[in-house]
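Before any comments, here is the structure.
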Amino acid sequence: MHKPSPPGDAEAISRRAFVSNSAAWTMTSLAAAQAIQADILSGAATKQTTALPACPHPLLTPAESFNTVARGNPKPHTLTGKALADARMTPETWRLEITTDPKVEPPHVTQPARMQAPRTMKEGTALDLETLRELGKSHGIKFIKATQCLNIPEPLGQGLWEGVPLREVLKLCGRMKDVRRIYYRGFHNEDPGQIFQSSLSYTQAMETPPGGFPPMLAYRLNGQPITPLRGGPVRMIVPWAHGFKSIKWLQQIFLTNDYRANDTYALQNNDPESHLKTSAYIDPIPELMPASRPVVLTGKVISGLSDLERVEYSLRQIIEDAETQQEAGQEHTETVWQPCPIYPPPDWEQILPQDVKPHQLLGFDAKTGQPKAWPLRFGMGYWGITLHGLQAGVYEVRVRAVDGNGFAQPEPRPLRKSGGNAVEMQRFQLS
């Protein structure tokens with residue numbers, strides 16, 4: 001597991017509410033990496049500098065800068081005025097119903113799920129935002145998590161999410177019986193085809209290992225209320241899972257005794273229990289650059305279920321006339337992988353909102369306020385290298401992550417339907 005670097009000088013920078021640019025990285029003492037020799041097929045020797053280039057990414061993605069994935073017609077976050085209020089998507093009108101599934105379907109379901117105190121709109125007992133926030137005063141949690149779609153080959157962003165564990169909300173409903181699975185849905189229009197739902201097992205909802213991240217009902221992102229664009233006022237956040245589990249515009253939870261997962265994504269030939277994969281990504285590289293200048297490469301890396309051991313890159317000069325585009329895009333047996341340095345933890349005084357302290361976050365040491373691992377599990381870090389001495393020509397660069405078990409991307413789950421995880425390649429030309 002990649003260990004965090006020592007904290008920086010806490011007196012060097014005054015506290016600010018929130019920093020959304022790369023300055024927060026450069027203000028920290030960057031961990032130097034040893035010079036690395038990379039032998040290119042042309043025979044030229046290339047050196048990686050011992051200092052990381054400036055990181056082009058903020059650690060916490062501003063809410064408006066996340067990549068947006070939404071469904072529906074119209075899309076819920078585009079509603080305004082009375083339509084938004086009628087959809088129960090304002091802080092004042094938001095309500096959450098918690099009910100049971102009465103279905104009996106032998107031999108799969110012989111007894112219906114039951115609970116002592118359902119929460120319904122009809123009875124006026126549906127959960128409101130004020131009650132949820134009040135529950136957060138005694139049971140609230142905070143953690144940093146990257147958001148990644150199952151079938152989109154690029155992270156959507158990373159945020160500091162705050163809310164209440166799902167288990168604490170379910171406890172408001174009293175005793176339960178014959179519950180094996182918990183489904184939840186967000187707002188949708190009257191067209192049944194627009195319904196989008198996901199689920200967790202009873203065990204996943206109710207029990208989390210010490211130090212683990214439980215699924216939660218989130219109402220703050222980066223210290224601010226969650227906007228409709230990001231799935232607010234309240235959305236589900238399942239830390240270990242791809243984005244389809246973290247349902248937006250949450251409005252309904254229903255408990256069932258049916259053990260069969262029929263999440264919307266499961267019905268579309270996807271693995272409904274897929275965890276985030278440990279994966280590395282390359283930032284866009286200019287297609288044409290002068291050979292007289294160093295080549296700066298940067299990118300993202302997600303630490304998935306099996307943590308992150310390291311990030312590696314390979315660089316290869318190609319001969320256009322000797323290889324087809326298809327052949328050039330494939331991995332070659334002579335590929336040599338070299339380690340990439342990862343940006344160390346930033347100055348948390350700069351990154352976090354004013355009312356949030358590092359030691360309050362899951363995944364951080366409660367005494368020192370430092371992350372227990374870096375990048376955080378289910379979080380996103382960044383890597384960067386500067387290469388000097390490359391000759392004119394056409395190059396391919398690849399990047400991959402190696403997890404805590406030693407599996408190099410795309411292993412150990414190369415199947416796309418458990419999450420896109422292909423080794424990324426980009427081409428560039430130096431002239």
Open item on the list: Could you check the stretch 216-246 and list, in sequence order, the residues that are open to solvent by less than 10 Å² (accessible area, probe 1.4 Å), assigned to a helix (DSSP H, G or I) and farther than 24 Å from Lys417 by Cα?
Closed with: Arg230
- [ ] Please enumerate the residues belonging to the stretch 347-374 that are touching a strand residue (DSSP E or B) at 6+ places or on another chain (Cβ under 7 Å) and under 15 Å from Phe213 (Cα atoms).
- [x] Gln360, Leu361, Leu362, Gly363, Phe364, Pro371, Lys372
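Here is a yes/no grid of residues against (1) more than 19 Å from the chain's Cα centre (by Cα); (2) open to solvent by 30 Å² or more (accessible area, probe 1.4 Å); (3) of a type outside the set (Gly, Ala, Ser):
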| residue | (1), (2), (3) |
| --- | --- |
| Asn257 | yes, no, yes |
| Tyr265 | no, no, yes |
| His275 | no, yes, yes |
| Thr298 | no, no, yes |
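If we keep just the residues of the stretch 303-329 that are surrounded by 15 or more Cβ atoms within 10 Å (Cβ to Cβ) and assigned to a loop (DSSP other than H, G, I, E, B), which is modelled with the lowest pLDDT?
Among those residues, the one meeting the criterion is Glu323.
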- [ ] Inspect the stretch 61-83 for any residue being over 30 Å from Ala146 (Cβ atoms) and charged (D, E, K, R) and give the result as yes or no.
- [x] yes
Open item on the list: Against the condition touching a helix residue (DSSP H, G or I) at 6+ places or on another chain (Cβ under 8 Å) and modelled with pLDDT of 95 or more, how does Leu362 come out, does it pass?
Closed with: no
Task: Lone qualifier among Glu154, Glu130 - being open to solvent by 60 Å² or more (accessible area, probe 1.4 Å) and not in a strand (DSSP E or B) - done: Glu130
Task: Matching residues, the stretch 150-175, being touching a His at 6+ places or on another chain (Cβ under 6 Å) and within 27 Å of Ser418 (Cβ to Cβ) - done: Leu150
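For every residue, the table says whether it meets (1) buried (at least 20 other Cβ atoms within 10 Å of the Cβ); (2) touching a Phe, Trp or Tyr at 6+ places or on another chain (Cβ under 9 Å).
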residue: Tyr382; (1), (2): yes, yes
residue: Thr386; (1), (2): no, no
residue: Tyr395; (1), (2): yes, yes
residue: Gly404; (1), (2): no, no
residue: Ala408; (1), (2): no, yes
residue: Arg416; (1), (2): no, no
residue: Gly420; (1), (2): no, no
TODO: Please indicate, with yes or no, whether at least one residue in the stretch 65-79 is over 27 Å from the mean Cα position of the chain (by Cα) and more than 24 Å from Gly159 (Cα to Cα).
DONE: no
TODO: Taking Pro345 as the residue in question, decide whether it is under 18 Å from the mean Cα position of the chain (by Cα) and of a type outside the set (Ser, Thr, Tyr).
DONE: yes
Open item on the list: Given the condition out of contact with any Gly (no Cβ under 7 Å at 6 or more places or on another chain), part of a loop (DSSP other than H, G, I, E, B), charged (D, E, K, R) and open to solvent by less than 60 Å² (accessible area, probe 1.4 Å), answer yes or no: does some residue in the stretch 102-115 qualify?
Closed with: no
Open item on the list: With the structure loaded, tell me whether Pro58 is assigned to a loop (DSSP other than H, G, I, E, B), out of contact with any helix residue (DSSP H, G or I) (no Cβ under 8 Å at 6 or more places or on another chain) and either in contact (Cβ under 8 Å) with a residue 24 or more places away in the chain or open to solvent by 50 Å² or more (accessible area, probe 1.4 Å) (or both) or whether it fails that test.
Closed with: no
Open item on the list: Looking at the stretch 353-399 only, could you name the residues that are aromatic (Phe, Trp, Tyr) and touching a Ser or Thr at 6+ places or on another chain (Cβ under 8 Å)?
Closed with: Trp374, Phe378, Tyr382, Trp383
TODO: Give me the pairs, please: first residue somewhere in the stretch 130-152 and farther than 17 Å from His275 by Cα and at pLDDT 95 or above, second residue anywhere and in a helix (DSSP H, G or I) and not acidic (Asp, Glu), beta-carbon distance under 8 Å, and either six or more positions apart or on two chains.
DONE: Leu132/Val169; Leu135/Val169; Leu135/Leu172; Lys142/Gln360
- [ ] Test each condition in (1) over 23 Å from Arg377 (Cβ atoms); (2) within 18 Å of the chain's Cα centre (by Cα); (3) modelled with pLDDT under 95 for Val234 and report the one that comes out false.
- [x] (3)
Open item on the list: If Trp249 meets every condition in (1) buried (at least 23 other Cβ atoms within 10 Å of the Cβ); (2) out of contact with any His (no Cβ under 9 Å at 6 or more places or on another chain); (3) under 30 Å from Met121 (Cβ atoms) apart from one, which number is that one?
Closed with: (2)
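The values are calculated or read from the model by the stated rules, or taken from the named source; none is laboratory data. Being a predicted model, the structure only gives us computed values, none of them experimental. Reconstructed Cβ throughout: ideal geometry from the backbone, glycine too, with neighbour counts over all protein chains shown. Just the protein is used for accessible areas: all its heavy atoms, side chains included, with ligands, DNA and RNA removed. Shrake-Rupley method; radii C 1.70, N 1.55, O 1.52, S 1.80 Å.
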